[in-house]
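To keep things clear, I will list the structure first and then write my remarks on it.
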Amino acid sequence: MMSLVLTMLNDAVFSAIPAVGFAMVFNVPRRYLPYCALAAALGHGSRTMWLSLCLPIEWATFLAAALVGVVTIAFAKKHLAPPLMYAVAAIIPMIPGTYAFNTVIGLVQLTAQAEMSPELIYEVVSNGLKTVFILGALSVGLAMPSLLYFRSRPVIK
């Protein structure tokens, strides 16, 4: 249990750093940078928790992105700022760079070989689909709380 807490804390700290960096690239005002870091730390830390509970990475990313969406709506209401100002920088540490990189490297290897190996094709398709599903989970998970919160009509009549 203690190792999970330390892993989540480590994950939270090291996901807040790139979130602040990207927030600075996106010209987020300095006073809002800690909120971007907090949203990233909560999102990535919660994804680590879900992964430790044996949830697939796609579902863990979806739940973490939904948490980031809810948290950034609360920050936006508090500061009268757009939620995406916090959210975009907060979800960047969850982008599946390793899977995308392995997909591209596999594609390059496929084009360089004279004959196609089934193992390499499986690896390329697997990493490519995982990349697409994680990116979809990020976008839907981040958008869903805003869609539910900013509705013009009630969800239940």
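The values are calculated or read from the model by the stated rules, or taken from the named source; none is laboratory data. Quick caveat, the model's predicted, so the values are computed rather than measured. Cβ atoms come from the backbone with ideal geometry, glycine included; neighbour counts cover every protein chain shown. Side chains included, ligands, DNA and RNA excluded: accessible areas come from the protein's heavy atoms. Shrake-Rupley method; radii C 1.70, N 1.55, O 1.52, S 1.80 Å.
Determine the per residue accessible area of the chain with all protein chains present and a 1.4 angstrom probe, expressed in square angstrom.
It amounts to 61 Å² per residue over the chain.
Rounded, prolate or oblate, given the Cα gyration tensor of the stretch 68-130, with a/c below 1.5 counting as rounded?
The shape class here is prolate.
Taking the Cβ of residue 101 as the centre, find all other residues whose Cβ is under 15 Å away and add up their charges (Lys, Arg: +1; Asp, Glu: -1).
Value of the local net charge: 0.
May I have the convex hull volume per residue, in Å³, for the Cα set of the stretch 13-90?
In the stretch 13-90, the Cα convex hull volume per residue is 74 Å³.
Once the piece of chain linking residue 26 and residue 144 is laid out straight, how much longer is it, given 0.36 nm per residue of separation minus the C-alpha distance between them?
The residue 26-residue 144 span can extend by a further 40.2 nm.
Calculate for the chain the 222 nm mean residue ellipticity that helices alone would give, adding -39,500 (n - 2.57) per DSSP H run of length 4 or more and normalising by residue count, nearest 500 deg cm²/dmol.
-27000 deg cm²/dmol
Given that just one value was derived from the coordinates, which of (1) 8.8; (2) 10.9; (3) 12.6 is mean projected area of the Cα convex hull in nm²?
For mean projected area of the Cα convex hull in nm², the calculated option is (3).
Compute the length gained on full extension between residue 6 and residue 121: take 0.36 nm times their separation in residues and subtract their Cα-Cα distance, giving the result in nm to one decimal.
Full-extension gain reported as 37.7 nm.
If I compute solvent accessible area with a 1.4 Å probe over the protein chains, what percent of it on the chain is carbon and sulfur?
C and S fraction of accessible area: 73 percent.
Can you give me the span-like helices of the chain, meaning DSSP H runs with 18 Å or more of Cα extent along the axis and Kyte-Doolittle mean at or above -0.5?
Correct list, ordered by number: 2-25, 33-52, 57-79, 97-112, 118-149.
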